[in-house]
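The values are calculated or read from the model by the stated rules, or taken from the named source; none is laboratory data. As the structure is a prediction and not an experimental result, all values here were calculated from the model. Quick reminder, even Gly has a Cβ in these numbers, built from the backbone with ideal geometry, and neighbours come from all protein chains shown. Calculation scope for accessible area: heavy atoms of the full protein, side chains included, ligands and nucleic acids excluded. Shrake-Rupley method; radii C 1.70, N 1.55, O 1.52, S 1.80 Å.
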Amino acid sequence: MNKNIEINSSFSIQNLVRKTILNMKSYSSARDEFKEFETNLIFLDANENPFSNGYNRYPDPQQKLLKTLLAKQKKVSLNQILLGNGSDEVLDLLFRAFCEPNQDNIVTLPPTYGMYGVLADLNAIENREILLTIDFEPNVDEILSAVSENTKIIFLCSPNNPTGNSFSDESILYLLKNFNGLVVLDEAYIDFSSKESWLSELSDFPNLVIIQTLSKAYGLAGLRVGIAYASEEIISILNKIKPPYNLNTASQEIALKKLNQNTLTAQLKKLISEREIVINSLKSIAFIEKVFLSDANFILLKVDDATLRYNQLIQAGIVVRNRSNQPLCENCLRITIGTKEENNQLITTLKSL
């Protein structure tokens, strides 16, 4: 990505945030008021059960140890990180902070991650859907044509779910430079991609919010750890409205341990290698009409009859996802890359149908 770029100088976070959020006073928990709770003191301030079992105390509301490690690994400031109970909580906080119910709108690009639309409905926000092109790329002209003075957020999922492709840098850059609201770039699958994360560009774009997760590449889906990277100003607004103890102690401890382990690279190599083996194997199966290239840990494929093939796989003990109800995905199945043994069983089963 080119560092010598023109910054969107017309963007102002103060004009974007909801006035009620801007003026509100955030809740202050016991652990916000007294921060040295890891020292050997007598704590009688938070109405906790005093009998130790490892989890009788409230967790660090600001997750300082985990954020410090992420800041070091990702080369960002500690104050540019927000952690949430999964990416879904982080996304919901963005709606709550920046979108006025029954007034504002967002733009999403189907086929894409379904929670953007669900959260729009939940928060009474209009969702303006602009379909991807037939090549699964953002149609930037149509997107910007759909923007009004009440458009607060454009959601980009790259690599995209369910299509698996990464959007072009040119499309993302154009939207960042020409839209005065937030551009939320969901990088849940970035670790499987040949493209670099946009984290290195964070300081150049005050309207960029990057969402990542420990659920996919790090294998911690059960812990629910979602991450937002953005300007310190945006993060401070989100911190203002987040629940005080939104990331539990176990999630923080296990995430720290996992991030300190040197196992990610080896697992990623295996999954990416298996992804290419599965793609090549699928191309020889007659009823599979197209196998789309993937930058994620899943593959989208077009078959003759998705419902039939989905049910046949279920009967064989294999669960995939039928995405035929999504725009541009008629008769498409989405298949996650499993272990070598699971992938071999999948291919053997498909060839037998």
Of Gln315, Gln326, Gln80, the one that fluctuates the most in a GNM where the chain has Cα springs shorter than 10 Å: Gln315
Between the alpha-carbon centers of the stretch 260-295 and the stretch 130-167, tell me the distance in whole angstrom. 25
Charged-residue dipole, Cβ positions (Lys, Arg, Asp, Glu), the chain about Cα centre, Debye nearest 20: 880
Can you work out the FRET efficiency for the pair Asn280 and Arg321, with r the C-beta to C-beta distance and R0 = 22 Å, to the nearest 0.05? 0.55
Distribution of pairwise C-alpha distances over the chain, 20 Å bins, in %: 27, 54, 18, 0
Counting just the Cα atoms, what span does the stretch 39-149 cover along each of its three principal axes? Round to the nearest Å and put the largest first. 60, 34, 25
At 1.4 Å probe size, what's the solvent-accessible area of Tyr218? Round to the nearest 10 Å². 30
With the label point 7 Å along the Cα-to-beta-carbon line of Lys258 and a cut-off under 18 Å to each amide N, the hits in the stretch 66-80 are 66-74
Area of Arg323 that stays accessible when all protein chains are in place (1.4 Å probe, Å², to 10): 30
Calculate, in nm to one decimal, what Thr20 and Tyr174 gain on full extension: separation in residues at 0.36 nm each, minus their alpha carbon distance. 52.3 nm
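Under the 0.36 nm per residue contour assumption, what length would be gained going from the current alpha-carbon distance of Phe34 and Lys340 to full extension?
105.2 nm
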Spit out the partnerless Cys residues in the chain, using Cβ distances under 4.7 Å as the pairing rule. Cys99, Cys157
Label zone at Thr68, where the point sits 7 Å out along the Cα-to-Cβ direction: the stretch 223-243 residues whose backbone N lies under 12 Å: none
Between beta-carbons, use under 13 Å as the cut-off and find the net charge around Val278, counting Lys and Arg +1, Asp and Glu -1. +2
Taking the chain as the reference, fit the longest principal axis to its C-alpha atoms, fit the long axis of helix 86-98 to the helix C-alpha atoms, and give the angle between the two in degrees, 0 to 90, nearest 10. 60
In Hz, Karplus ³J(HN,Hα) per residue of the stretch 169-177 (6.51, -1.76, 1.60; θ = phi - 60°; x = Gly, Pro): 4, 5, 5, 5, 4, 4, 5, 4, 7
Rounded D (µm²/s) - the stretch 255-339, Kirkwood Rh over Cα pairs, Stokes-Einstein at 25 °C, 0.890 mPa s: 173
Between the Cα axis of helix 249-260 and the main Cα principal axis of the chain, the angle (0 to 90°, nearest 10) is 60
Calculate, for Phe51 and Thr249, the FRET efficiency according to 1/(1 + (r/R0)^6) with r their C-beta to C-beta distance and R0 22 Å; round to the nearest 0.05. 0.90
Cβ-based net charge around Val320, under 12 Å, with every Lys or Arg adding one and every Asp or Glu removing one: +3
Note, ³J(HN,Hα) from phi for the stretch 15-28, Karplus 6.51, -1.76, 1.60, rounded to Hz, x at Gly and Pro: 7, 9, 5, 4, 4, 5, 6, 4, 9, 6, 9, 6, 6, 10
Quick one: how many Å² of Arg309 are accessible to a 1.4 Å probe, rounded to 10? 30
